[in-house]
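Nothing in this text is a laboratory measurement; each read-out follows from the coordinates by a stated rule. As the structure is a computational prediction, the values presented were derived from the model and not from experiment. Note that each Cβ is placed from the backbone with ideal geometry, even for glycine, and that neighbours are counted across all protein chains shown.
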Amino acid sequence: MNVAAIQQYLDIAYIAAVVLFILALKWLSSPVSARRGVLAGEIAAGLAVVATLYNPELVAYKWIVIALIIGAGIGIPLGMVKITAVPQRTALSHAFGALSAAMIGIAEYYVGLSHITRFEMGEIGMEVIIGSLTFTGSLIAAGKLQELLPQRPIVYKGQNIVSFSILGAAVILAVALVINPQNTVLFPIMVVVALLFGVTLVTPIGGADMPTVISLLNSYAGFSASLLGFVLNSKVLIVAGALDGSSGFILSVIMCKAMNRSFTNVLFGAFGTIQTSTTKTEARPVRSASAEEAAEILTAARKVVIVPGYGMAVAQAQHKLREMHDILTKRGIDVSFAIHPVAGRMPGHMNVLLAEADVPYDRLIEMDEINPEFPRTDVVLVVGANDVVNPAARLDKNSPIAGMPILNASEDQTVMVIKRSMSPGFAGIDNELYYLEKTLMLFGDAKSFLTGINKELNTAGAGA
Amino acid sequence: MPADFISNLYVFILAGFVGFGLIKRVSPLLHTPLMSLTNALDAIVVVAAIIITGRHETPLTVTLGAIAVAASFSNMVGGFFITDRMIRMFKSGAAKKS
């Protein structure tokens, strides 16, 4: 077969891959067809990789094979991590994706050095800058999520000025390269400056903002792949990158809305201005209850809503919650789970954590759907969540979380909160919900407390 | 502007709109698998990495290319693997009873 004919077959394979990519995302719309979506994606990827290996431009396979084996060796263990570790795995995969795009962009610069046009240099410059900053930014995010780096926002005076000066320097270097693409001294400096900017971009951001940051980095990683497609004239990369980029973009907008942050805030990633709360917690009386009392209240209820937060996952209490769901459901009590968009550490994280514990997904209800249900609910059980049920978001204009959409837990009959102590949550603010007349605090470790309630429920059930 | 750029821009814009349309319809239940799946799809940059590596032009491009192959292929393998693992965890109430 001649080279042109092979090239045609390769193009057909890539077009098929693009079609399958789109179908994969379409099928992901519901849990029923989602596995088919993954399969479509796998076939597309497999097809594209195998087709590429037949590319007539390839002259040596040794390093390709070695790198593929190394890649599989890294990828498989990263595919087996615990569900609680999925956010850091995801951040790491954004880092790898961006690294890959940046490396290819850099290689492309040196390959075309003798005949590179200004226009091509502009494309490469942009691609390499976004790829590099996404690489280091994602590594920092992964480090924070893995708790290798401090979770709290690391801020210093004038930090936004420093960050944007670094970005400005990278852009100026890129412009200088467009004017003179053959300047091989400036190119590596531009890469290093862009890498540095990624560090300064994400370092100041605190743990509570990680769902937004991950989504934003997702978007950057996607768009850097798209830009690479422009550099290489590869439509398959442009499409895959655009799909990934728009997905990350939509998710970051959803996360922003869920935390009441502005749209410009997302685009420029300037979350550096998080205020440290000064609210002091004075000792105020709360009502507390035992596992036995909690079990009695649950048994008397007709409709129960559970509000899980990341604290539940930290305490490994999701299996106990599912047990409780099973016991209560068997007695004809309506039990559902209210999922706030930022519950967990990345978009949708709480759903996966509960699905892993075998909670049926039709019991996981999103915020906008569950909020009208609260006035008809007898008992709300809050486990390891805090800010997402804090009425201050609606009532106190001066609160750091003012305007953030919350789960209206206080509108029901009785609220029970499982909590280790009265210490405030991520945003560092006190929660009025705990001091309400209808609220019972269940002090203790979530897992052991739920075990206690379940035991009471079971003995009460056996007696009846 | 080069002609290639214009046609690439068309593709990019259309793909962006398709992406928006599709992703808006993904249930929030599946936002975590969505991110890992799009990440695995994005790992298609491995094809560009393979070409750079296999052209065997200079030691520098082979090194950069091989790093890119390893990084993106790990995303491809790990991304599909974990997405499938997560999606298998989602069971409906009806499926559970039977």
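The calculated FRET efficiency for the pair residue A:114 and residue A:164, based on their C-beta separation and a Förster distance of 30 Å, comes to about 0.30.
Applying a DSSP loop filter and a limit of 14 other Cβ atoms within 10 Å to the trypsin sites (Lys or Arg not before Pro) in segment A:72-148 leaves A:82.
Taking amide H as placed 1.01 Å from N in the peptide plane, the amide H of residue A:381 sits under 5 Å from that of A:305, A:306, A:307, A:416, each at least 5 places away or on another chain. With Cα atoms defining each centre, segment A:298-321 and segment A:139-172 are spaced 36 Å apart in the structure. Taking amide hydrogens as placed 1.01 Å from N in the peptide plane, the amide H of residue A:288 sits under 5 Å from those of A:441, each at least 5 positions away in sequence or on another chain. A simple spin-label model places the labels of residue A:329 and residue B:10 5.2 nm from each other, with each point 7 Å out along Cα-to-Cβ.
Note on segment A:291-463: Cα convex hull, mean projected area over all directions, 9.0 nm². With Cα atoms defining each centre, segment B:21-74 and segment A:112-130 are spaced 20 Å apart in the structure. Once the Cα atoms are used to define both axes, helix A:446-463 deviates from the longest principal axis of chain A by about 50 degrees. Between the helical axis of A:186-202 and the dominant principal axis of chain A, each derived from Cα atoms, what acute angle in degrees is found, rounded to the nearest 10? Taking the Cα atoms of chain A, the angle to A:186-202 is about 0 degrees. Compared with the dominant principal axis of the Cα atoms in chain A, helix A:210-232 is inclined by about 20°. Applying both filters, DSSP loop and at most 11 other Cβ atoms within 10 Å, to the GluC sites (Glu not before Pro) of segment A:87-150 gives A:147. The residues neighbouring residue A:114, those whose beta-carbon lies less than 14 Å from its own, together hold a net charge of -3 under the Lys/Arg +1, Asp/Glu -1 convention.
Strictly over 19 Å apart at the Cα level, which of A:320/A:455; A:235/B:24; A:82/A:144 would you flag in this model? Working shown, then result.
Details: A:320/A:455 11 Å; A:235/B:24 23 Å; A:82/A:144 17 Å.
Those over the limit are A:235/B:24.
Rounded to the nearest 500, the 222 nm mean residue ellipticity of chain B from helices alone is -27000 deg cm²/dmol, with -39,500 (n - 2.57) taken per DSSP H run of at least 4 residues.
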